[in-house]
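**Q** Before I ask anything, let me first share the structure, which is written out below as structure tokens.
The values are calculated or read from the model by the stated rules, or taken from the named source; none is laboratory data. Computed from a predicted model, the values in this text were never measured in an experiment. We place every Cβ from the backbone using ideal geometry, glycine too, and count neighbours over all the protein chains shown.
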Ligand code: GLC
């Protein structure tokens with residue numbers, strides 16, 4: 001009797017242990033690197049803390065596929081090089097995704113919803129983490145973060161929060177973005193302070209120093225139109241969705257903002273095809289010396305100074321965007337790093353992600369790529385400050401801190417689609433600004449009720 005009870009207790013322990021191991025495996029998802037699994041102890045030690053040097057020695061060669069949108073700055077190559085030098089057993093194959101964030105998004109969704117493992121690590125727009133986490137496309141990072149003692153307090157809190165969903169960290173902040181105003185310092189001494197001043201100056205200065213346009217911006221029907229529209233709407237005092245989750249986009253402020261956008265895209269100082277302009281078109285035209293003013297993200301400072309591409313080296317300054325009635329507003333953008341849940345190499349993928357979003361990787365992205373770090377310490381770093389004076393400028397840091405986020409909602413892609421359609425129709429003259437504001441209101445409300 002005694003023996004049997006002991007035996008049953010023993011059995012119970014075994015069963016529990018098996019269940020725990022199975023759960024662990026499940027939680028790790030496809031986290032086990034099968035190529036490295038030939039011996040249990042090796043696989044076990046791999047997930048435990050191990051110094052980097054130790055980890056390098058005996059490992060098999062692994063090739064990771066790292067995907068991101070078009071990078072015109074050359075920073076990604078340098079980042080990959082620096083990583084491979086430190087981790088000779090990991091090779092990074094680069095997969096270029098479309099420059100249009102919405103198109104990249106759709107391609108990732110297609111891949112991940114069929115559980116494809118063709119990509120290991122990828123850059124994710126700051127608006128994706130909640131959706132990707134909910135859909136189970138990506139790996140939770142907490143166990144890696146804890147194991148390797150990554151100090152999440154070293155990052156700007158907003159950028160960490162953007163990668164957190166349901167109390168778990170799904171993405172590591174790579175760089176943050178805020179819309180900025182570029183101007184030709186060989187043409188003007190000081191940039192316009194309001195949208196109305198911009199309209200006046202752009203018309204007046206167009207043609208100076210061989211320019212063709214006064215102003216260029218992102219006005220195509222895609223995600224970038226929304227980041228732009230939010231800048232106009234917020235600068236006139238409007239909002240899309242308020243703190244209590246009410247849709248408040250149908251307002252006199254929104255109408256005024258859309259009318260200002262209409263005035264600009266219909267003016268003679270923008271290119272005829274401004275409604276096809278995304279970031280890349282803006283960048284190409286600006287660095288070829290074709291425009292006096294431009295709206296873009298900080299990365300364009302790198303391209304503007306690139307001797308091999310730019311005709312305006314030394315003639316470009318950056319300022320805050322012009323103000324509306326309510327002041328100045330920049331949209332909050334940025335990119336995070338994520339790991340495909342179905343990667344066959346979670347350990348190596350994490351190594352790369354950790355490097356890319358850690359101080360060394362972010363320094364390369366800041367210096368070579370011109371994009372703003374999410375690690376606060378880098379704003380005090382001499383090399384970063386010397387290479388990128390913008391990041392040492394308190395006005396820019398304030399712009400980053402006050403940047404306006406896009407509506408935070410699990411159905412954000414739908415909200416964005418509605419806005420893209422309605423604002424585009426106003427810009428092409430197919431409806432008035434009032435109609436655009438009303439339609440956005442009813443359609444976003446409907447989408448949120450579904
Ligand atoms: C930039 C921003 C990103 C935004 C995109 C829009 O890449 O960082 O957040 O969605 O522009 O085009």
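**Q** Within the range 278-294, is even one residue surrounded by fewer than 24 Cβ atoms within 10 Å (Cβ to Cβ), assigned to a loop (DSSP other than H, G, I, E, B), within 14 Å of the ligand (Cβ to nearest atom) and within 24 Å of the chain's Cα centre (by Cα)?
**A** Looking for residues that are surrounded by fewer than 24 Cβ atoms within 10 Å (Cβ to Cβ), assigned to a loop (DSSP other than H, G, I, E, B), within 14 Å of the ligand (Cβ to nearest atom) and within 24 Å of the chain's Cα centre (by Cα), one finds at least one in the range 278-294, hence yes.
**Q** Hey, does the range 70-79 have a residue that's within 14 Å of the ligand (Cβ to nearest atom), surrounded by fewer than 18 Cβ atoms within 10 Å (Cβ to Cβ), closer than 27 Å to residue 161 by Cα and in the same structural domain as residue 338 (by TED's automatic domain parsing)?
**A** Checked the range 70-79: at least one residue is within 14 Å of the ligand (Cβ to nearest atom), surrounded by fewer than 18 Cβ atoms within 10 Å (Cβ to Cβ), closer than 27 Å to residue 161 by Cα and in the same structural domain as residue 338 (by TED's automatic domain parsing).
**Q** Considering each of 346, 322 in turn, give the residue that is under 25 Å from residue 402 (Cβ atoms), modelled with pLDDT of 95 or more and surrounded by 20 or more Cβ atoms within 10 Å (Cβ to Cβ). I'd like the intermediate steps shown before the answer.
**A** On the way: 346 fails: under 25 Å from residue 402 (Cβ atoms).
On inspection, the qualifying residue turns out to be 322.
**Q** To continue, here is another question. Would you point out which residue out of 270, 188 is away from the ligand (no atom under 15 Å from the Cβ), surrounded by fewer than 17 Cβ atoms within 10 Å (Cβ to Cβ) and under 28 Å from residue 369 (Cα atoms)?
**A** 188
**Q** Considering the range 345-376 alone, what residues qualify as being more than 16 Å from the ligand (Cβ to nearest atom), touching a strand residue (DSSP E or B) at 6+ places or on another chain (Cβ under 9 Å) and not in a helix (DSSP H, G or I)?
**A** Scanning the range 345-376 gives 345, 358, 375.
**Q** Just to verify a result, which residue in the range 142-160, among those that are over 11 Å from the mean Cα position of the chain (by Cα) and within 15 Å of the ligand (Cβ to nearest atom), is nearest to residue 333 (Cα to Cα)?
**A** 158
**Q** Among (1) more than 19 Å from the chain's Cα centre (by Cα); (2) closer than 30 Å to residue 237 by Cα, there is one condition residue 313 misses while meeting the rest; what is its number?
**A** Going through (1) more than 19 Å from the chain's Cα centre (by Cα); (2) closer than 30 Å to residue 237 by Cα one by one, residue 313 breaks only (2).
**Q** Would the range 244-267 turn up any residue that is closer than 19 Å to residue 208 by Cβ, assigned by TED's automatic domain parsing to the domain that holds residue 217, away from the ligand (no atom under 16 Å from the Cβ) and surrounded by fewer than 17 Cβ atoms within 10 Å (Cβ to Cβ)?
**A** Looking for residues that are closer than 19 Å to residue 208 by Cβ, assigned by TED's automatic domain parsing to the domain that holds residue 217, away from the ligand (no atom under 16 Å from the Cβ) and surrounded by fewer than 17 Cβ atoms within 10 Å (Cβ to Cβ), one finds at least one in the range 244-267, hence yes.
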